[in-house]
Amino acid sequence: MVEFAALRTADPGQLRAAADGWVELSKEAWQAVHDLHANGIGPVKEHWQDRVGQAAGKKLDEQARILESGADIMRGVAMVVDGWASSTEYAQRALTHAVELAGTYELEVDDNGGVSTTGEVTGDKLTHMNEVAALITEALREATQADALASTELRKLAGATCETDPEKALDQLQGEASDTQLSMLSGDIPDGKDPALVASWWASLTPEERRQLELSDPVKLAHLNGLPPEVAEELRGGPDRKWDRVKMVEWVLAHWNDDSGDFDDENNCTNFASEALLQSGVRMKGDWTVEDDAWNRGRDPGWIGLGIVGQQHSHAWGGAQNLHDFMVSNGGHEVPPGEVKPGDLVFLEDDNDLNPDLKPGNIHHTAIVTAVTPDGDIRYSQHNDSRKNVSMDGRSDHEADSEGRQKIKYVRVEPNWY
């Protein structure tokens, strides 16, 4: 259990600086990977093709794999430490607010967080004492859960320093670190059993801290008793919304690895994103899937004419480039990374000729933003390959190494057809 005095004197800035340092180390390791491929492995394979050259190329490739694994693990460390810093800041804010309330109510808080009064204990005074004590307890709970999660995850990552499998380092170790960071941030939100405590806790946060939590876990906040009603309303898209952003994130996180809605013999990443929009309230456009400017699925009588008439879905429903173009032509627009929020769509556009199956300038993949952490890292979820809340920053070098340069486009869906 984190103690009152320890939380008051903690320095989240040092944790933040440490996280930044781990990010830089990860970047340096990735730069070494790229240099090995460009200046070592590639030239050796091309110009030194005898057995000695093959052995040298194999050794360089092993070193690249070691560095790649280390880079992804170090990025995982940075995620955990950064989440720890944010959680400590939120907990300190609640604790400071509790102490300030105590002063306003003419109460005293001792070095152990105990609340007392020297005056007569009236009904109002007792209510105020309970309010301050509850907020102190909440602050210590937040700090304790973050401390426990961070300690456990960092010990695990420290024990994996000899890992040389890049796939395991990225998908398992970094993925679990990403989950831990989001769990810490979610754990900073009260359970909602005491609406008065929730109101007091929310009042303790700065506007920026509220925004950070809204981006990191909009689903939990939207269902939290005690928050001002307009908070949940804005999280869902505002009073004039045409669809529910929170409902979309909920659906994506519940179905990211569910293939029951997949179309046969297709990459279903865009079909999944379209279905998520439909489930969150976006209405289909068009009566037939063969219409040029349609976004729908399953309305044509495909059995007529042995399948010659009709198809399972419109082009915009199932194709990444087509969905992007449809949405930005029908009310939506691209947004810069710094303005992205959960419920926005992610599109990957090929920016090189490394992959012969992809053409430069072609959008070939769709995903959905499901969280944004306080350090600005965008977490996305997708189907085919199925992933949940993975890090855009943490995977960008891996994607560039395997697929080549990619342009990432974020689209905010704002339907204008109904």
Check: In this structure, does GLY21 turn out to be surrounded by 23 or more Cβ atoms within 10 Å (Cβ to Cβ), assigned by TED's automatic domain parsing to the domain that holds GLU167 and not aliphatic (A, V, I, L, M)?
Finding: no
Item checked: Qualifying residue in the range 391-401 (condition: under 18 Å from the mean Cα position of the chain (by Cα) and buried (at least 22 other Cβ atoms within 10 Å of the Cβ)) -> yes
Next item on the list: Would you be able to tell me the number of residues in the range 109-125 that are under 18 Å from HIS97 (Cβ atoms) and not in a loop (DSSP other than H, G, I, E, B)?
Entry: 2
Margin query: Checking the condition of a type in the set (Asp, Glu) and assigned to a loop (DSSP other than H, G, I, E, B), which residue from GLU163, GLU153 passes?
Written below: GLU163
Next item on the list: Select, from SER200, SER204, SER280, SER216, the only residue that is assigned by TED's automatic domain parsing to the domain that holds GLY338 and touching a helix residue (DSSP H, G or I) at 6+ places or on another chain (Cβ under 8 Å).
Entry: SER280
Notebook entry, point to check: Is it true that ILE363 is crowded, with 18+ Cβ neighbours inside 10 Å, in contact with a Pro (Cβ under 8 Å, 6 or more places away or on another chain) and either more than 27 Å from ASP20 (Cα to Cα) or in the same structural domain as SER274 (by TED's automatic domain parsing) (or both)?
Noted result: no
Notebook entry, point to check: Is there a residue being assigned to a loop (DSSP other than H, G, I, E, B) and out of contact with any helix residue (DSSP H, G or I) (no Cβ under 7 Å at 6 or more places or on another chain) anywhere in the range 319-328?
Noted result: no
Check: Can you name the number of the only condition in (1) touching an Asp or Glu at 6+ places or on another chain (Cβ under 6 Å); (2) in a helix (DSSP H, G or I) that MET184 fails?
Finding: (1)
Item checked: Any chance GLN49 is assigned to a helix (DSSP H, G or I), over 30 Å from GLY114 (Cβ atoms), of a type in the set (S, T, N, Q) and at pLDDT below 95 -> no
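Rundown of residues vs (1) buried (at least 19 other Cβ atoms within 10 Å of the Cβ); (2) within 15 Å of THR373 (Cα to Cα); (3) touching a residue at least 24 places away in the same chain (Cβ under 8 Å), yes/no style:
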| residue | (1), (2), (3) |
| --- | --- |
| GLY76 | yes, yes, yes |
| VAL80 | yes, yes, yes |
| ASN112 | no, no, yes |
| THR118 | no, no, no |
| THR122 | no, no, no |
Margin query: Just to be sure before I move on: is GLU230 out of contact with any Ser or Thr (no Cβ under 7 Å at 6 or more places or on another chain) and under 16 Å from THR366 (Cβ atoms) in the structure I sent?
Written below: no
Check: Within the range 137-187, how many residues are without any contact (Cβ under 8 Å) to a residue 40 or more places away in the chain, of a type in the set (S, T, N, Q) and within 27 Å of ASP111 (Cα to Cα)?
Finding: 2
Note to self: Condition first: under 14 Å from SER86 (Cβ atoms) and of a type in the set (S, T, N, Q). Now tell me which residues in the range 4-21 satisfy that.
What the structure shows: GLN14
Next item on the list: Pairs only if they're at least six apart or on different chains, beta carbon under 7 angstrom, first in the range 335-353 and under 16 Å from SER216 (Cα atoms), second of a type in the set (Gly, Ala, Ser) and assigned to a strand (DSSP E or B); list them, first residue then second.
Entry: PRO342/ALA371
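The values are calculated or read from the model by the stated rules, or taken from the named source; none is laboratory data. Just so it is clear, the structure is predicted and the values come from calculations on it, not from any experiment. Glycine gets a Cβ as well: all are built from the backbone with ideal geometry, and neighbour counts include every protein chain shown.
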